[in-house]
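Every read-out reported here was derived from the displayed coordinates using simple, explicitly stated rules and does not represent laboratory data. Bear in mind that the values here come from a model prediction, so they are computed numbers and not experimental data. Quick reminder, even Gly has a Cβ in these numbers, built from the backbone with ideal geometry, and neighbours come from all protein chains shown.
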Amino acid sequence: MYILVTYDVATVTPAGKSRLRRTAKACLDYGQRVQNSVFECKVDPAQLVAFKARLLAIIDPQTDSLRFYHLGSNWQHRVEHYGADPGYDVEGPLVV
Amino acid sequence: MKKHLNTLFVTMEGAYLRKDGAAVEIRHDGESKLRVPLHNLEGIACFGWDIGASASLIAACAEAGVAISFHNPHGKFMAATRGYTSGNVLLRREQYRRADHEPAAVAIAANMLAAKLSNSRQVMMRAARDHGDKSATRAFALSQAADFLAVRIGLLGRATSLDSLRGIEGDAAAAYFAAFPHLLVNHDPAIAITGRSRRPPLDPVNALLSFLYSLLMHDCRSALESCGLDPQCGFLHRDRPGRPSLALDLMEEFRSFLADRVALTLFNRRQLTATDFRTEESGAVLLKDDSRKAVLVAWQERKQDEITHPFLDETVTVGMLPQLQARLLARHLRGDLDAYPAFLSK
């Protein structure tokens, strides 16, 4: 399945900056960065559980926010892109 | 159930693959080109003389079950990396025992070859159905070859030695490739094929076939490794240091169904023409670097096609077939299945 993860992490304190870095790293392990704090991830249900647990352990629910959008398996019809850096299709042919 | 995941192809000379978190990052000239999480991949195939991978990436891939293989720019397999030998030692021992026991090896190899011949025959009959009405010579040649293969399939069942199997297979392959030109509906004389040639391939069709077979080999080899079989110890192909004989055995079932059909489609739809190839002074015909990408895309798209598996009766992607057949072979070796059910296309 395809999920979209977005976050806002309060970075007023050094601890906040560290949380932001760790959140981004966790997201990078599971998907591709499409915008600064927006990630598209192709995961199976088990991977999603692990991914969620990892993110929830990082963020501070008092100051930060985290959103998961479930795009399902027909995600191609649900995503439109305009402008620079369209990203890649993780299910399409990957040739570099 | 394992899903059919994507394969990453790297064709950029000078590329360096490194581990970045739980992802593979491809760098070139100090610039990041692509970054893909490893859990989205089942294989990484590199085509080039100057492509490197970091040790930590190789270790992470071994851990995650992602096969890495290195090929020269024309697709010839050069090397593959693997982690510690894993899987079930009892299964591997049984594999060696059967390989050493000729009647057992014949039983497995005969099924694989029967599937190969039957799948080749399907390709011929399909072409005769689709294009036979345009030329009587073609229809005749194709149906003749199909009949020839049908007789050979019958002979395989009665063969008692590996050498006689190899003889029957040789005859059948010769007949198949003799009729192969009739499968092409693109009449450009520049891509005419006269028979199978390799090391080096002497015409564009052979160049493309060799390239596609090496892609298929990558998939078969990693499928066998992932279910704990030794890809080097084959039943039909003799042991030779460095040769993945069992992967070559397993490939036989898929050559015509997967590789040959992709090649025919690319030429018949004129997605590839003679200009996509170049001839070296030695007479070797090679796929041009830019055209390789079109072939890889067609190959990946073919693997996404869904079919019903004739033995498992489940909807599967074509790309899963090597994995499934490797697992069926392991089940046969373990004694769960009386005979190895080789893949038969409909």
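To the nearest whole percent, what portion of all C-alpha pairs in the range B:66-185 is separated by more than 23 angstrom? Walk me through the numbers before you get to the answer.
Details: 3843 of 7140 pairs.
Here the tail beyond 23 Å accounts for 54 percent of pairs.
For the range B:56-129, what are Rg and Dmax over the alpha carbons, in angstrom?
Rg then Dmax for the range B:56-129, in Å: 18.5, 52.
What percentage of all Cα-Cα pairs in the range B:145-232 are separated by more than 16 Å?
Numbers: 2579 of 3828 pairs.
In whole percent, the long-distance tail amounts to 67.
Cα atoms only: what Rg and Dmax, in Å, come out for the range B:301-341?
Gyration radius and largest Cα-Cα distance of the range B:301-341: 11.2, 35 Å.
Using θ = phi - 60° and the Karplus form 6.51 cos²θ - 1.76 cosθ + 1.60, what ³J(HN,Hα) does each residue of the range B:334-346 get, whole Hz, x for Gly and Pro?
Rounded to whole hertz, the list is 6, x, 6, 10, 5, 9, 7, x, 5, 7, 10, 7, 9.
Using Cα-Cα distances under 8 Å and only pairs 6 or more residues apart, what relative contact order does the range B:259-303 have, in percent?
34
Could I get the Rg over Rh figure for the range B:206-253? Both from C-alpha atoms, Rh via Kirkwood, rounded to two places. Mind dumping the intermediate values first?
Values: Rg = 10.6 Å, Rh = 10.8 Å.
My calculation puts Rg/Rh at 0.98.
Over the protein assembly as shown, what is the percentage of antiparallel beta bridges among all DSSP beta bridges, to the nearest 5?
Antiparallel bridges: around 75 percent, rounded to the nearest 5.
Take every residue in peptide A:26-34, count the Cβ atoms of other chains within 10 Å of its Cβ, and give the average of those counts.
Working: counts 2, 2, 7, 7, 6, 6, 6, 1, 0.
Per residue, the number of nearby Cβ atoms from other chains is 4 on average.
Take every DSSP beta bridge with both residues inside the range B:23-163 and express the antiparallel ones as a percent of the total, to the nearest 5.
Working: 10 of 15 bridges.
If I count the DSSP bridges inside the range B:23-163, around 65 percent turn out antiparallel.
So for chain A, Kirkwood radius off the Cα pairs, Stokes-Einstein at 10 °C and 1.306 mPa s: how many µm² s⁻¹? The partial results should precede the final answer.
On the way: Rh = 14.3 Å.
After rounding, the answer is 111 µm²/s.
I'd like the per residue volume of the convex hull spanned by the Cα atoms of the protein assembly as shown, given in cubic angstrom.
170
So what is the relative contact order of the range B:20-174, in percent, for Cα pairs below 8 Å that sit 6 or more residues apart?
Details: 151 pairs, mean separation 22.7, N = 155.
With pairs under 8 Å counted, the relative contact order is 15 percent.
Principal axis lengths of chain B from Cα atoms, whole Å, largest first?
Result for chain B: principal-axis Cα extents of 59, 51, 39 Å.
For A:LEU48 and A:VAL12, FRET efficiency with R0 = 41 Å and r from the beta-carbon atoms, rounded to 0.05? Could you put the intermediate results ahead of the total?
Values: r = 30 Å, r/R0 = 0.74.
Efficiency at R0 = 41 Å is approximately 0.85.
Determine the alpha carbon to alpha carbon distance for each of B:LYS76/B:LYS116; A:LYS17/A:LYS42; A:LYS42/B:LYS288 and list only those over 29 Å.
On the way: B:LYS76/B:LYS116 22 Å; A:LYS17/A:LYS42 27 Å; A:LYS42/B:LYS288 33 Å.
Violating the 29 Å Cα-Cα cut-off are A:LYS42/B:LYS288.
Return a whole-number percent for the relative contact order of chain A, with Cα pairs under 8 Å and 6 or more residues apart as the contact set.
Details: 108 pairs, mean separation 38.8, N = 96.
Relative contact order comes out at 40 percent.
Once Rh for the range B:130-191 is found with the Kirkwood sum over Cα pairs, what is the Stokes-Einstein diffusion coefficient at 4 °C and 1.567 mPa s, in µm²/s? Numbers along the way, then the final one.
Numbers: Rh = 13.0 Å.
The diffusion coefficient I find is 100 µm²/s.
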